[in-house]
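Report on one structure; see the data block that follows.
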Amino acid sequence: MSEDFPRCILDHYKRPRNYGEIKDADITVKDSNRLCGDYVELYLKFDGNRISAISFKGQGCMISQASASMLTELVKGKEVEEVLKLTKHDVTKMLGLELGPVRMKCAMLPLVALRKAIESYLSKKSR
Ligand code: FES
């Protein structure tokens, strides 16, 4: 890849944190970028309104996969209300990189999937 990515992005891409399945996950979601077919799959366990465990699997570009790895570290142990407030700005800050619209879609893929997972958990819980 010709772009110059910050070292931490390369590191998360090469050595993804929280990678793999959680067998007894409360919620599993898979989301993909329709433009390229890259995907992330998230596995979550909750303790009340707190994310007690999170892992991911996926395939795709460096930004999408590094973003997934960093996001799992960022949200583990956090309350879902707090996580639902995360924005593009937080993702940019987390990656330490300003991104154009196409790359921003890559970077947001894990957060979009995470929002879906939380919404699905909250609706399951309220049933
Ligand atoms: Fe597919 Fe980035 S190029 S998610």
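The values are calculated or read from the model by the stated rules, or taken from the named source; none is laboratory data. Just so it is clear, the model here is predicted, and its values are computed rather than measured. Note that we place each Cβ from the backbone using ideal geometry, even for glycine, and neighbour counts take in every protein chain shown.
Can you name the residue in the range 4-18 that is within 16 Å of the ligand (Cβ to nearest atom) and hydrophobic (A, V, I, L, M, F, W, C) and is also surrounded by the most Cβ atoms within 10 Å (Cβ to Cβ) among such residues?
It comes out as ILE9.
Please enumerate the residues belonging to the range 78-88 that are assigned to a helix (DSSP H, G or I) and over 14 Å from the mean Cα position of the chain (by Cα).
GLU81, GLU82
Examine the range 55-66 for a residue that is within 17 Å of TYR13 (Cβ to Cβ) and either of a type in the set (Ser, Thr, Tyr) or at pLDDT below 95 (or both), and state whether such a residue exists. Don't jump to the end; show me each part of the working.
Applying the first criterion (within 17 Å of TYR13 (Cβ to Cβ)) to the range 55-66 yields 55-66.
When the remaining residues are screened for being either of a type in the set (Ser, Thr, Tyr) or at pLDDT below 95 (or both), the result is 55, 64.
Yes, that holds for at least one residue.
List, please: which pairs have Cβ atoms under 6 Å, are six or more places apart or on different chains, and start with a residue in the range 47-69 that is charged (D, E, K, R) and end with one that is assigned to a strand (DSSP E or B)?
ARG50/GLU79; LYS57/GLU41
Might you check whether a residue that is loosely packed, with under 15 Cβ neighbours inside 10 Å, farther than 18 Å from TYR19 by Cβ and of a type in the set (Val, Ile, Thr) occurs anywhere in the range 68-84?
no
Of the residues LYS105, LYS124, which single one is of a type in the set (Lys, Arg) and either in a loop (DSSP other than H, G, I, E, B) or modelled with pLDDT under 95 (or both)?
Values: LYS105 fails: either in a loop (DSSP other than H, G, I, E, B) or modelled with pLDDT under 95 (or both).
LYS124 is the lone residue from the list that is of a type in the set (Lys, Arg) and either in a loop (DSSP other than H, G, I, E, B) or modelled with pLDDT under 95 (or both).
Go through the range 98-113 and report how many residues are touching a residue at least 24 places away in the same chain (Cβ under 8 Å) and farther than 13 Å from SER64 by Cα.
Number of matching residues: 0.
Looking at (1) of a type outside the set (Gly, Ala, Ser); (2) outside any helix (DSSP H, G or I); (3) within 16 Å of the ligand (Cβ to nearest atom), find the lone condition where VAL91 falls short.
Result: VAL91 passes all but (2).
Just to be sure I understand, how many residues within the range 24-77 are assigned to a loop (DSSP other than H, G, I, E, B) and either within 13 Å of the ligand (Cβ to nearest atom) or of a type outside the set (Lys, Arg) (or both)? Explain how you work it out, then say what you get.
Taking the range 24-77 as the starting set, the residues that turn out to be assigned to a loop (DSSP other than H, G, I, E, B) are 24-26, 33-38, 48-49, 60-61, 76-77.
Next, only the ones that are either within 13 Å of the ligand (Cβ to nearest atom) or of a type outside the set (Lys, Arg) (or both) stay: 24-26, 33-38, 48-49, 60-61, 77.
Residues in the range 24-77 being assigned to a loop (DSSP other than H, G, I, E, B) and either within 13 Å of the ligand (Cβ to nearest atom) or of a type outside the set (Lys, Arg) (or both): 14 in total.
Taking the range 70-97 as the search range and keeping residues that are among the β-branched types (Val, Ile, Thr) and touching a residue at least 40 places away in the same chain (Cβ under 8 Å), which one is farthest from ASP4 (Cα to Cα)?
Filtering first and then ranking leaves VAL80.
Identify, please: which residue in the range 19-39 is farther than 16 Å from LYS105 by Cβ and among the small types (Gly, Ala, Ser) and is, among those, surrounded by the most Cβ atoms within 10 Å (Cβ to Cβ)?
Checking each candidate, the answer is ALA25.
Picking from GLY96, GLY100, which residue would you name as being surrounded by fewer than 21 Cβ atoms within 10 Å (Cβ to Cβ), among the small types (Gly, Ala, Ser) and within 16 Å of the ligand (Cβ to nearest atom)? Walk me through it before giving the result.
Numbers: GLY96 fails: within 16 Å of the ligand (Cβ to nearest atom).
From the options GLY96, GLY100, the qualifying one is GLY100.
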